[in-house]
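See below for the structure under consideration.
Every number in this text was worked out from the coordinates using simple rules, so none of it is lab data. Remember, predicted model here, so these are calculated numbers, not experimental data. Here the Cβ positions follow ideal geometry from the backbone for every residue, glycine too, while neighbour counts run over all protein chains shown.
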Amino acid sequence: MTDTTYTDAQRATFDAVLDTIVPPDAARGLPGAGEIGIALQLERDEPALTPLIAKATAELDALARERGAPEFAALAADAREDALRAHAETDASGFLPGLLFQVYTRYYVDPRVIGALGMEARPPFPKGYDIAPSDFDSLLAPVRAGPKRYREV
């Protein structure tokens, strides 16, 4: 069994779509969304999206052929953006809006991206972050003085 359910052509198109959504920025050291393995993450974590992604990549490749390129990945960056917008305008499945959410939530937690943005790539704990001192007892006093908002079972 292979580690992917996509063909090589589908993978190339999908990675090109991801890099169109979040392109690499060499000057800032930011990888593109296609470079950091989001396609594999979606395959592993969201298998229900696989048929939708396969359908969309086929449609994008067909659109690229209509525009004179052998496949979507062969289009220039600005032509890919135009093709992706054109696909989104006619696609009733909601491929692009759903994909945008998945891409952004996965891209901005990648350690390479966090590091390139100048932040320390680490979880918030055990080091933690500084929190301004507060008098939690006085803040909770009105809640504790009020009636129970739950039922004993």
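The table below lists the values:
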{"quantity": "Sequence-distant residues sharing a close amide H with residue 30 (under 5 Å, placed H)", "calculated": "25"}
{"quantity": "Estimated FRET transfer efficiency when R0 is 22 angstrom, pair residue 132-residue 104 (beta carbons, to 0.05)", "calculated": "0.15"}
{"quantity": "Gain upon complete extension [residue 143, residue 55; 0.36 nm per residue less C-alpha separation]", "calculated": "26.4 nm"}
{"quantity": "Rounded to 10°, Cα long-axis angle of helix 95-107 versus longest principal axis of the chain", "calculated": "60"}
{"quantity": "Cleavage-rule hits (trypsin sites (Lys or Arg not before Pro)) in segment 1-55: DSSP loop, at most 15 neighbouring Cβ within 10 angstrom", "calculated": "28"}
{"quantity": "Residue order, fewest to most surrounding Cβ atoms within 10 angstrom, among 93, 138", "calculated": "138, 93"}
{"quantity": "Relative exposure of 80, 106, 144, judged by other C-beta atoms within 10 Å (fewest first)", "calculated": "144, 106, 80"}
{"quantity": "Karplus-derived 3J(HN,Hα), 6.51/-1.76/1.60, for each residue of segment 47-64, Hz, glycine and proline x", "calculated": "x, 5, 7, 4, x, 5, 5, 4, 5, 5, 5, 5, 5, 5, 5, 5, 4, 5"}
{"quantity": "Residue 7/residue 122 FRET efficiency (R0 35 Å; Cβ-Cβ; nearest 0.05)", "calculated": "0.40"}
